[in-house]
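Only the coordinates and a few stated rules stand behind these numbers; no lab work does. Being a predicted model, the structure only gives us computed values, none of them experimental. Here the Cβ positions follow ideal geometry from the backbone for every residue, glycine too, while neighbour counts run over all protein chains shown.
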Amino acid sequence: MDGEKMEITMHLFINLSLMIILLLIGFILFGKGKKTLLSKPSIIILFIITIWLCIQFSYVTVSHVRFDLRSLPLIIGGLYAGIGPILSISIIGLTSLYGVNIGFWQTLVVYVPLTLILWRLYPWFQNISPARRIFTTVCMGIFIGLLTVFSIVFYHIPLNLLDASFASLVVPSLGIGIVSYSLEFLRKISEMQQELIKAEKLKAVEQMGAAISHEIRNPLTAASGFVQLLQDEYLPRQKRKEYLAIVKDELFSAERVIQDYLTFARPSLEKYEELNVKRELRQIINILQPLANQNSVDIMTDFSIIGFIKGDGQKFRQCFVNVLKNAIEAMPNGGYLHISTEYSLNLVTIIIKDSGIGMTPQQLERLGEPFYSTKGKNGTGLGMMVVYSIVRAMDGSIWVESEVGKGTTFHFEFPTISINKYEQTGSH
């Protein structure tokens, strides 16, 4: 019999447990997926459905009085979303569907005043601290519970007053506190994420400014110094030509840094054309052959017979000049550079493998990161940024394998042109 005396409380505790489980599942899905903001009509519909479920699974006494957790979505929706009056009217309307009895009149007594209260509290509620918001929601839950207990006493409803009071005052207020705390926690996490993103953006801007400023200042300073020397009226003609050539080289160096940055900032391709991968790579190798000879690097190739992709030829050459140049410079004491291609109906794969110094796992993880370079002071980090940007713009993918002392291997994959396109090209 003692267990039966607290039937209402036990029923609501079970309902509250199910709601908390659903809330936790929602948080897990929210954490794994992308954040999506619901429109206000969607929020209203969601809360009305929740209220209907609370009423549908309520505990009905002999006198047709319903005990449920409808106050939970009402208070949360009213104070956090500003839809209290709509929800109050919805509660009264949904309750009337189950019959105009003493439970309906009790609902009118409790929830009609709440329409005005929630409407007036909403603007104030948004401007107070999180702790006060949680306290306010719990107090509202207790206030509704007190009104419910008062109406039970006023209408002389034959119920176990202890059970009804505990079910009206404690269980809903506990659930409201848990949900309110969870919302504030989620809001805090969201604010921290936004602050972190903002800090990362500011950090990136600072790094960008420092890197660009440093790389442009050096050649401009050198050019400025030689321009001052050129102002000497008695400077020999040969020296004047030599200084002018140095100024030109330094200005070209500054222009190249700016061009690399612009390529990274605007990776979209200016034009699309059919690229013969084998022919493009041979052209790039011819450009870099003197550098390879200077570093005692032997270049070996193994190209598939066919392999055509769609992209910007100039950007493609810029991309692989950067990669091959880095590979050659990673072998200062000589070595082997192996370049191969593979063809399938869907992909053209380019593999570049060197026998250089390799990279640590930490370096490999940061490869392609803005303004990060494995060359230390001798690199800007713009080269690999450009590589990754161009590959993305051409709908390609890139991944790198490396081991210290054993070299590095770059894998590139690009969508191939249809087989009919290949056959037409081969026939010419």
Problem set entry | Debye, to nearest 20: dipole size of the range 2-197, +1 on Lys, Arg Cβ, -1 on Asp, Glu Cβ | 660
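How high is the FRET efficiency between Ser253 and Ser42 when r is their beta carbon distance and R₀ equals 56 Å, given to the nearest 0.05? Show your work: numbers first, answer last.
Details: r = 56 Å, r/R0 = 1.00.
E between Ser253 and Ser42, to the nearest 0.05, is 0.50.
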For this session: Neighbouring Cβ atoms within 10 Å as the yardstick, rank Glu280, Glu200 fewest first.
Result: Glu200, Glu280
Seminar exercise, completed: Sorted on mean Cβ neighbours within 10 Å (highest first), peptides 345-355, 182-192 come out as 345-355, 182-192
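A 29 angstrom limit on the alpha carbon distance is what I want to check against. Which of Lys248/Lys406; Lys203/Lys278; Lys248/Lys325; Lys203/Lys406 exceed it?
Details: Lys248/Lys406 39 Å; Lys203/Lys278 41 Å; Lys248/Lys325 23 Å; Lys203/Lys406 34 Å.
As for pairs spanning more than 29 Å Cα to Cα, those are Lys248/Lys406; Lys203/Lys278; Lys203/Lys406.
For the pair Val400 and Asn276, what calculated FRET efficiency results from E = 1/(1 + (r/R0)^6), where r is the Cβ-Cβ distance and R0 = 22 Å, to the nearest 0.05?
Details: r = 25 Å, r/R0 = 1.14.
So, using R0 = 22 Å, E works out to roughly 0.30.
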Problem set entry | Value of Rg to Rh for the range 2-197 (Rh from inverse mean 1/r over Cα pairs, i.e. Kirkwood) | 0.98
Seminar exercise, completed: Listed with the fewest Cβ neighbours within 10 Å leading, Phe252, Phe412 appear as Phe252, Phe412
